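The values are calculated or read from the model by the stated rules, or taken from the named source; none is laboratory data. What you see is a predicted model; the values in this text were computed from it and never measured. Positions of Cβ are generated from backbone atoms using ideal geometry, with glycine treated the same way; all protein chains shown enter the neighbour counts.
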Amino acid sequence: MGVVVVGAGMAGVACAVELTAAGVPVRVLDRGRAVGGRMASRRIEGRPVDIGAAYFTVRDPEFAEVVGRWRSAGLARPWTSELAVLGDASRERSAGPVRWAAPGGLRSLVRDLASGLDVTLEHEVAHVGPGPVVDGEPADIVVLAMPDPQALQLVDPSSAAAAQLTGREWRPLIAVAAGWESRRWDPLPAAFVNDNPVLSLVADDGDRRGDAAPVLVLHSTADVAREHDAAPDGAIPPMLDMLRRLLDVGVPPTWTHAHRWRFASPAGKREVDFHLGDDGIALAGDGWGTSKVETAWRSGTLLARAIAARIGP
């Protein structure tokens, strides 16, 4: 029967890659039109714009090997080790680890990992039950690689998986991409916006992509995302107004695009990397550990090894 992975983001694809390497049959199902999950890129005005994760960092030695292959292939590039910190009347610097970006958008990295896998897109899964079964079809193991609230909708409320998925808040976010005729701001790879009621992050998409396009991507606070959940475009004016206050970008953009993420990131972290239940239902993703791209890769990879050890090729 093999393993069914529901969710073709970084965690689900990494899990499928590792299972395939171990000789375990696996297929990946996703309701979206493309792989990537929250490592999403949208093509706007002829170029990809990252509207999900802003960047990724590298600490795990095995993940570093994967990133090294992406770098050699021209798919990933070290971007910046310093981000700004913006306040109402201040601009400071915050040093940290190297943040990595992708010239073709972060989605391109997941697409590269998924090459050669059995992936079915635009497939909506309705129910995952013990056995395990996916919409009535049996499997050896079913992996739910997605935010907790989405996984919770698929499993029985009384299941062991449901017990793992309840009781933790997930923060929403609205990402607004905006483009200008020319660059209207001082050099700025990206900036955290602390203690601000509207914005949480500003990223220079032309800088991280390496093509110098005059495009910024703004991340809202959770409160703004909740306020404009039903109509994300309504968040564009207050987010641009706050941008003008912080960066003095007085000229309106020539285009904008808003994308809502209802479950952008978990509040808090878990101390374990994944869940593999006796009922055959497994859970993985960036919600297992700290909310990072690397966490998602590690969660899916380690879960795959546990599955291979349980059921073998």
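What pairs can you find where one residue is in the stretch 3-20 and free of Cβ contacts under 8 Å to residues at least 60 places away in the same chain, the other is crowded, with 24+ Cβ neighbours inside 10 Å and outside any helix (DSSP H, G or I), and their Cβ atoms are less than 6 Å apart, with a gap of 6+ or different chains?
none
Out of the stretch 241-265, which residues are of a type outside the set (Asp, Glu) and more than 16 Å from residue 51 (Cα to Cα)?
Scanning the stretch 241-265 gives 242, 243, 244, 245, 246, 247, 249, 250, 251, 252, 253, 254.
For the stretch 1-109, which strands (runs of 3 or more DSSP E) that fit wholly inside it have 2 or more residues that are of a type in the set (Val, Ile, Thr)?
Those strands (runs of 3 or more DSSP E) span 3-6, 26-29, 77-86.
Specify which of the listed residues (9, 52, 46, 37) is within 11 Å of the chain's Cα centre (by Cα) and farther than 26 Å from residue 280 by Cα.
Being within 11 Å of the chain's Cα centre (by Cα) and farther than 26 Å from residue 280 by Cα holds for just one of 9, 52, 46, 37, which is 52.
Let's see how each residue does on (1) in contact with a Leu (Cβ under 7 Å, 6 or more places away or on another chain); (2) over 25 Å from residue 222 (Cβ atoms):
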residue	(1), (2)
84	yes, no
93	no, yes
107	no, no
111	no, yes
114	no, yes
147	no, no
154	yes, no
169	no, no
173	no, no
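Could you say whether any residue in the stretch 191-202 is crowded, with 17+ Cβ neighbours inside 10 Å, more than 16 Å from residue 54 (Cα to Cα) and not polar (S, T, N, Q)?
Scanning the stretch 191-202 turns up at least one residue that is crowded, with 17+ Cβ neighbours inside 10 Å, more than 16 Å from residue 54 (Cα to Cα) and not polar (S, T, N, Q).
Identify all residues within the stretch 57-69 that are touching a Leu at 6+ places or on another chain (Cβ under 9 Å) and either in the same structural domain as residue 285 (by TED's automatic domain parsing) or surrounded by fewer than 18 Cβ atoms within 10 Å (Cβ to Cβ) (or both); write none if there are none.
Scanning the stretch 57-69 gives a single hit, 69.
Can you go through 251, 272, 224 and tell me which one is in contact (Cβ under 8 Å) with a residue 60 or more places away in the chain and not in a strand (DSSP E or B)?
251
Please find, among 235, 230, the residue that is surrounded by 21 or more Cβ atoms within 10 Å (Cβ to Cβ), out of contact with any Pro (no Cβ under 9 Å at 6 or more places or on another chain) and in the same structural domain as residue 76 (by TED's automatic domain parsing).
235
For residues in the stretch 84-140 being within 22 Å of the chain's Cα centre (by Cα) and among the β-branched types (Val, Ile, Thr), which is surrounded by the fewest Cβ atoms within 10 Å (Cβ to Cβ)?
Here the answer is 120.
Among the residues that make up the stretch 144-156, is at least one of them touching an Asp or Glu at 6+ places or on another chain (Cβ under 7 Å), of a type outside the set (Lys, Arg), modelled with pLDDT of 95 or more and not in a helix (DSSP H, G or I)?
no
Which one of 69, 107, 99 is farther than 29 Å from residue 202 by Cβ, of a type in the set (Lys, Arg) and at pLDDT 95 or above?
That would be 69, the only listed residue that is farther than 29 Å from residue 202 by Cβ, of a type in the set (Lys, Arg) and at pLDDT 95 or above.
Looking only at the stretch 183-196, decide whether some residue is modelled with pLDDT under 95, part of a loop (DSSP other than H, G, I, E, B) and under 21 Å from the mean Cα position of the chain (by Cα).
yes
Inside the stretch 176-201, can you point out the residues that are out of contact with any Leu (no Cβ under 7 Å at 6 or more places or on another chain), within 26 Å of residue 226 (Cβ to Cβ) and of a type outside the set (Val, Ile, Thr)?
177, 194, 195, 196, 197, 200, 201 - these are the residues of the stretch 176-201 that are out of contact with any Leu (no Cβ under 7 Å at 6 or more places or on another chain), within 26 Å of residue 226 (Cβ to Cβ) and of a type outside the set (Val, Ile, Thr).
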